[in-house]
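Report on the following structure.
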Amino acid sequence: MLENKFKTGLVKDLKKRFPGCMVIHLDPNEIQGIPDLLVLYRDRWAALEGKKTGKASHRPNQDYYVAKMNEMSYASFIYPENKEEILDELERSFTIARPACFSGGE
């Protein structure tokens, strides 16, 4: 399966599984290695880097940004072989209660 075809189907699956979510295609020319998709759902977000297979090569900085964004919220590489597992993880991430963040306070 071509990566582009996989991502098109993935966006449809995300919108079906998370009604009302926004899926934004990020510009790889803006920041080299930034994940392909930003998923906004309720008060949560996730970043997904789509690959055509689990063996597909990673571009420079992709591992760094996926790891960094996963520390912030949720981010992962996703491909046909792990799609259901990642969507299940994403669902758990979107439903787990997190402590409120307060800016500028102690």
Cα-Cα pairs of the chain separated by more than 25 Å (percent): 19 percent
Estimated distance in nm for a label pair at Glu84 and Leu2, the labels positioned 7 Å out from Cα along Cα-to-Cβ: 2.7 nm
With Cα atoms, 0 to 90° folded angle of helix 62-72 axis to the chain main axis: 30 degrees
Residue-averaged [θ]222 nm for the chain, counting only DSSP H segments that reach four residues, each worth -39500 (n - 2.57): -11500 deg cm²/dmol
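Determine the per residue accessible area of segment 30-87 with all protein chains present and a 1.4 angstrom probe, expressed in square angstrom.
Each residue of segment 30-87 exposes 56 Å² on average to a 1.4 Å probe.
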Relative contact order [Cα under 8 Å, 6+ residues apart], the chain, whole percent: 21 percent
10 Å binning of all Cα-Cα separations within segment 4-51, expressed as whole percents from 0 upward: 26, 55, 18
Carbon plus sulfur fraction of accessible area for the chain, probe 1.4 Å, in percent: 52 percent
Cross-link table Lys5/Lys68; Lys7/Lys55; Lys15/Lys51; Lys16/Lys55, entries beyond 22 Å C-alpha to C-alpha: Lys5/Lys68; Lys16/Lys55
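The values are calculated or read from the model by the stated rules, or taken from the named source; none is laboratory data. Just so it is clear, the model here is predicted, and its values are computed rather than measured. For neighbour counting, all protein chains shown are included, and Cβ atoms are generated from backbone atoms with ideal geometry for every residue, glycine included. These accessible areas exclude ligands, DNA and RNA; they are computed on the full protein's heavy atoms, side chains included. Shrake-Rupley method; radii C 1.70, N 1.55, O 1.52, S 1.80 Å.
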